[in-house]
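Structure first, commentary second.
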Amino acid sequence: MFSFDYHRPADVAGAARAGGTADARFLAGGQSLVQAMKLRLAQPAALVDLGTVPGLAGISVQGSTLRIGAMTRHSAVAASADVRRAIPALAALAEGIGDPMVRNAGTLGGSIAHADPAACYPAGMLGLGATVVTDRRSIPGDAFFTGLFETALEPGELVVAVDFAVPARAAYLKFKHPASRFAMVGVFVSQGAGGVRVGVTGVKSAAFRWREAEAALAGGFRPAALDGLELDPSDVNGDMHGSAAYRAALVATLTKRAVEQANAPVAGAPA
């Protein structure tokens, strides 16, 4: 590797100060950043370890909002009784990330700040109308992902938590890469107070909302509402694992199946 300064701040304010120095990077779960450093794709002058900063991990429900701290591990999200009650689809999303080692190390904040175009959480953020809370401001999820591995975060800005609006119903489905388990296509659908939302990941340079599907489902949240609807493949990713046309077709198929799943009765719920 190469030399770099290492900071282990005692609180959020200290983390923000250390992260504001030139060429510093926040270290959350390290599942992406450390690997990039080993390959010399990233060469930060300093790492700011968030692992022991109090207040950055935890899950709570406040009215119709589910708040998850930035340093909350994927495994904790998947196992949380609060998440399973409020947004079961989000718990299922977290449970399907990577493998047990990744889920026990990776964090929500690290995932969204890295903004991998095939990560699962971005679809959930857009599909639920989430809000990113930083040490400086609140950023609507719709404005957070700006491009390939790019976000609206300013240099040194620290993600503190993410607020998810609790929907009436929701579901997440993905067609995963068999080795990495990243989403070749992932679709998160929800229906709630803010209307219908469809978040898609693994398909373009950044996660996006499929607004044509949202408009179709607004007239009736059922799979048949999507009959004949296709995603334009002109700006869809294509590679050795799947052509642009193939991925676009998968989006339509998974969206229908996700709507069907979201409408399915919840086990244990009254008939």
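Just one residue in the set A252, A245 is of a type in the set (A, V, I, L, M) and farther than 23 Å from Y121 by Cβ; that residue is A245.
Out of all the residues in the range 134-164, which are farther than 24 Å from P54 by Cβ and buried (at least 21 other Cβ atoms within 10 Å of the Cβ)? Hits for the range 134-164 are G141, F144, F145. Scanning the range 39-71 for residues that are under 19 Å from A130 (Cα atoms) and touching a strand residue (DSSP E or B) at 6+ places or on another chain (Cβ under 6 Å) gives L56, A57, G58, I59, S60, T65, L66, R67, I68, G69, A70, M71.
Residues of the range 22-47 that are over 22 Å from the mean Cα position of the chain (by Cα) and either at positive phi or surrounded by 15 or more Cβ atoms within 10 Å (Cβ to Cβ) (or both): D23, A24, M37, R40, P44, A46, L47.
The set of residues in the range 57-84 that are in contact (Cβ under 8 Å) with a residue 24 or more places away in the chain, part of a helix (DSSP H, G or I) and surrounded by fewer than 20 Cβ atoms within 10 Å (Cβ to Cβ) comprises S75, A78. Checking the stated criteria, P167 turns out not to satisfy the condition of being in contact (Cβ under 8 Å) with a residue 12 or more places away in the chain, out of contact with any strand residue (DSSP E or B) (no Cβ under 9 Å at 6 or more places or on another chain) and not aromatic (F, W, Y).
Tallying residues that are in a helix (DSSP H, G or I), in contact with a strand residue (DSSP E or B) (Cβ under 6 Å, 6 or more places away or on another chain) and buried (at least 17 other Cβ atoms within 10 Å of the Cβ) within the range 215-225 yields 1.
When the range 226-270 is filtered for residues that are of a type in the set (G, A, S), part of a helix (DSSP H, G or I) and free of Cβ contacts under 8 Å to residues at least 12 places away in the same chain, the ones remaining, listed by number, are S234, A244. Of everything in the range 95-133 that is touching a Leu at 6+ places or on another chain (Cβ under 8 Å) and in a helix (DSSP H, G or I), the residue that is surrounded by the fewest Cβ atoms within 10 Å (Cβ to Cβ) is H114.
In the range 180-197, the condition of being buried (at least 21 other Cβ atoms within 10 Å of the Cβ), under 23 Å from S32 (Cα atoms), of a type in the set (A, V, I, L, M, F, W, C) and not assigned by TED's automatic domain parsing to the domain that holds T255 is met by no residue.
Filter the range 146-205 for residues that are over 23 Å from L56 (Cβ atoms), of a type in the set (S, T, Y) and assigned to a strand (DSSP E or B) and give the result. Those that are over 23 Å from L56 (Cβ atoms), of a type in the set (S, T, Y) and assigned to a strand (DSSP E or B): T146, Y172, S190, T201.
Within the range 32-41, can one find any residue that is modelled with pLDDT of 95 or more, in contact with a Gly (Cβ under 8 Å, 6 or more places away or on another chain) and not in a loop (DSSP other than H, G, I, E, B)? No, the range 32-41 contains no residue that is modelled with pLDDT of 95 or more, in contact with a Gly (Cβ under 8 Å, 6 or more places away or on another chain) and not in a loop (DSSP other than H, G, I, E, B).
The values are calculated or read from the model by the stated rules, or taken from the named source; none is laboratory data. Quick caveat, the model's predicted, so the values are computed rather than measured. A quick note on method: Cβ atoms are made from the backbone with ideal geometry, for glycine too, and the neighbour counts reach across all protein chains shown.
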